[in-house]
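Each reported figure results from applying straightforward, stated rules to the coordinates on display, with no laboratory input. Predicted model, so just to flag it, every value in this text is computed and none were measured.
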Amino acid sequence: MNENLFASFITPTMMGLPVVITIIMFPTILFPSSNRLINNRLHSFQHWLIKLIIKQMMLIHTPKGRTWTLMIVSLIMFIGSTNLLGLLPHTFTPTTQLSMNLSMAIPLWAGAVITGFRYKLKSSLAHFLPQGTPIALIPMLIIIETISLFIQPMALAVRLTANITAGHLLMHLIGGATLVLMNISPPTAMITFIILLLLTVLEFAVALIQAYVFTLLVSLYLHDNT
């Protein structure tokens, strides 16, 4: 068992070179394209899932917002597959790195905000000052709304990082406790092992839910600006 709880979150290297880019590209293997006239069950399930995601995410958008469909679908598939692969033994989860999540959140948030200022300037500026605000509170509200706008990408990245990291740490702690208790008290070790199995199932759900939440919030930011 690793003495350092955060050892599993260190960027892996091979021959002194980081291999995180290779790890990030690996989930694309799970979504191969098919040239067959009739797809197999895996491809049919993938197509059904993609259509469901598009229907849920893009239904509320204007034609301008629907131009982001490919980006939104690619984002949820990438985050979901990366989170799931990170649950396998001896693997690395890139979404536990705040820098990785910020590199996804900031460009998407900035693109949505820039789109809003370009096509809906008056509506975007109106968010900084709610209607009917007393004159004395105008400077304070503008500052608060500006801070809340710039904190949105940080909230996206921190939410994803914290949820994935917390689940991995908890699994690491319970797994280590199970190994120690096997020699001390086998019945207690069996109980902790059952808890570990239940937690693993929960982490599978969290991996998909966090991908959905991240993408849904990006979609809502886009909806407010298109």
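By its C-alpha gyration tensor, with a ≥ b ≥ c as the square roots of the eigenvalues, how is the stretch 105-220 shaped: rounded for a/c under 1.5, else prolate for a/b larger than b/c, else oblate?
prolate
Taking θ = phi - 60°, what integer Hz values does the Karplus form 6.51 cos²θ - 1.76 cosθ + 1.60 yield along the stretch 134-144, in sequence order, with x for Gly and Pro?
Here the 3J(HN,Hα) series is x, 4, 5, 9, 4, x, 5, 5, 5, 5, 5 Hz.
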